[in-house]
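Structure record follows, encoded as structure tokens.
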Amino acid sequence: MTASNDNKLQVACLCAAWCRVCDGFRAEFDALAARFESTVVWRWVDVEDEESELLGLEVETFPCLLVASAGQLRFFGPVAPQGAAVERLVQAAGEAVLSQDALAQQVAQRLFNGA
């Protein structure tokens with residue numbers, strides 16, 4: 001992550017290649033990423049392709065978002081695969097109380113900071 005990205009909100013969408021819901025959501029996710037690229041770092045993560053990055057974190061419902069800010073986890077959980085719903089969640093997460101999910105916190109740091 002570059003220094004200019006340190007203060008940006010970070011959003012990872014955890015999906016699986018075999019998930020048709022994720023397939024249908026990908027275009028909306030990419031549109032959000034393009035629209036908010038100046039303020040948010042976006043990542044599409046295939047849980048099978050990047051399994052080692054997830055440190056054993058279980059994702060049971062797809063799509064699942066992991067949202068962090070300044071290296072701190074803000075949200076981790078399944079979301080409705082709708083651009084407007086994700087946009088509202090991401091905006092609220094920037095001001096949310098920090099999440100207490102320690103493993104998801106470690107995954108966020110690994111995905112966005114390579115730690």
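The values are calculated or read from the model by the stated rules, or taken from the named source; none is laboratory data. For clarity, every value in this text was computed on a predicted model and none was experimentally measured. Methodologically, a virtual Cβ is constructed for each residue, glycine included, from the backbone with ideal geometry; neighbour enumeration extends over all protein chains shown.
Applying the condition of being within 15 Å of E51 (Cβ to Cβ) and touching a Leu at 6+ places or on another chain (Cβ under 9 Å) to segment 11-25 and asking which residue is surrounded by the most Cβ atoms within 10 Å (Cβ to Cβ) yields L14. Residues in segment 6-32 that are under 15 Å from the mean Cα position of the chain (by Cα) and either under 18 Å from Q72 (Cβ atoms) or part of a strand (DSSP E or B) (or both): K8, L9, Q10, V11, A12, C13, L14, C15. Reported count of residues in segment 10-30, each being closer than 22 Å to A68 by Cα and among the acidic types (D, E), is 2.
At pLDDT 90 or above, closer than 22 Å to A16 by Cα and surrounded by 16 or more Cβ atoms within 10 Å (Cβ to Cβ): does that describe L73? No; evaluated as a whole, the condition is false for this residue. Going by the structure shown, is Q72 within 22 Å of N113 (Cβ to Cβ) and touching a residue at least 40 places away in the same chain (Cβ under 8 Å)? Considered against the rule, which asks whether it is within 22 Å of N113 (Cβ to Cβ) and touching a residue at least 40 places away in the same chain (Cβ under 8 Å), Q72 comes out as no. Scanning segment 33-81 for residues that are part of a strand (DSSP E or B), more than 15 Å from C15 (Cα to Cα) and not polar (S, T, N, Q) gives V40, V41, A68, L73, R74, F75. Note on segment 44-69: among residues that are at pLDDT 95 or above and under 16 Å from N113 (Cα atoms), the one that is surrounded by the fewest Cβ atoms within 10 Å (Cβ to Cβ) is W44. Annotation note: Cβ proximity below 8 Å between a residue of segment 80-104 that is at negative phi and modelled with pLDDT of 70 or more and a residue that is loosely packed, with under 14 Cβ neighbours inside 10 Å and of a type outside the set (A, V, I, L, M) (sequence gap 6+ or interchain) occurs for P81/G24; L103/G56.
Look at segment 9-32: where a residue is free of Cβ contacts under 8 Å to residues at least 40 places away in the same chain and a partner is charged (D, E, K, R) and not in a helix (DSSP H, G or I), sitting 6+ places away or on another chain with Cβ atoms under 9 Å, you get A17/D46; A17/E48; A17/D49; W18/E48.
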